[in-house]
Amino acid sequence: MAENSLDVTIRSMEEVDLPAVLAIERQVFPLSWSPAIFRQELKDKELAHLFVAEVSLSGGERLVVGYACCWLVVDEVHITNLAVEEAYRRQGVAHRLLTEMLNGAKIEGAQRATLEVRLSNDAARCFYEHHGFQAAAIRRGYYPDNGEDALVMWSSTL
């Protein structure tokens, strides 16, 4: 993984980012979050934490190429979404998003992290395993679009 191959900036998501985030969301996930869900998450500052990854283009323009969302509940961080635009994958963007999100959660008191991932999503499972997550359980029929099971993963090494 070429973790520093792009000039990537991670920052808090803002409502102005939603068109780019929604385009990535629809590209990546069969079950996309609606604009209303993202807006609700942006309003819920106590629970939800949302981030975007931007890259610099020529001329100084910044382009949102990925995003990550999580909930911070007491001492646990639940990763709800992490996606990178297809053209920017395997260039360290997801690594930067996950690292920044988990570091921020640790500063806020999180001691462990969890997420669900489709059993068929081998690339995501490998990515999370590479970052210290381990399979813990299966949620049967978790995804309503096709009834696919989800693998629950945990990490206690924040």
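For the reader, a short list of remarks on this structure follows.
- Qualifying residues in the stretch 56-69 (those that are more than 16 Å from ALA124 (Cα to Cα) and touching a helix residue (DSSP H, G or I) at 6+ places or on another chain (Cβ under 7 Å)) - the one surrounded by the most Cβ atoms within 10 Å (Cβ to Cβ): VAL65
- Residues located in the stretch 10-28, provided they are among the small types (Gly, Ala, Ser) and touching a strand residue (DSSP E or B) at 6+ places or on another chain (Cβ under 8 Å): SER12, ALA20
- Set GLY92, GLY109: member being touching an Asp or Glu at 6+ places or on another chain (Cβ under 6 Å) and surrounded by 13 or more Cβ atoms within 10 Å (Cβ to Cβ): GLY92
- Counted residues, the stretch 81-99 - those being under 13 Å from the mean Cα position of the chain (by Cα), within 19 Å of ASN121 (Cβ to Cβ) and in a helix (DSSP H, G or I): 5
- Condition check for LEU102: buried (at least 18 other Cβ atoms within 10 Å of the Cβ), in contact with a Cys (Cβ under 9 Å, 6 or more places away or on another chain), part of a helix (DSSP H, G or I) and touching a residue at least 12 places away in the same chain (Cβ under 8 Å): yes
- Evaluated against (1) farther than 14 Å from SER12 by Cα; (2) assigned to a strand (DSSP E or B); (3) touching a helix residue (DSSP H, G or I) at 6+ places or on another chain (Cβ under 8 Å); (4) not aromatic (Phe, Trp, Tyr), HIS78 falls short on exactly one condition, (3).
- Looking across the stretch 1-12 at every residue that is in contact with a helix residue (DSSP H, G or I) (Cβ under 8 Å, 6 or more places away or on another chain) and closer than 19 Å to LEU57 by Cβ, the one that is modelled with the highest pLDDT is identified as ILE10.
- For the stretch 5-26, the condition of being assigned to a strand (DSSP E or B) and in contact (Cβ under 8 Å) with a residue 60 or more places away in the chain holds for at least one residue.
- Top-ranked residue in the stretch 27-49 [being touching a residue at least 24 places away in the same chain (Cβ under 8 Å) and assigned to a loop (DSSP other than H, G, I, E, B); ranked as farthest from VAL84 (Cα to Cα)]: LEU47
- Restricting attention to the stretch 105-119, the residues being in contact with a helix residue (DSSP H, G or I) (Cβ under 9 Å, 6 or more places away or on another chain) and either on the phi > 0 side of the Ramachandran plot or in a strand (DSSP E or B) (or both) number 4.
- Among the residues of the stretch 120-135, the ones that are assigned to a helix (DSSP H, G or I) and surrounded by 14 or more Cβ atoms within 10 Å (Cβ to Cβ) come to 4 in all.
The values are calculated or read from the model by the stated rules, or taken from the named source; none is laboratory data. These numbers were taken from a predicted model, which means no experiment stands behind them. FYI the Cβ positions are ideal-geometry reconstructions off the backbone, even for glycines, and counts take in every protein chain you see.
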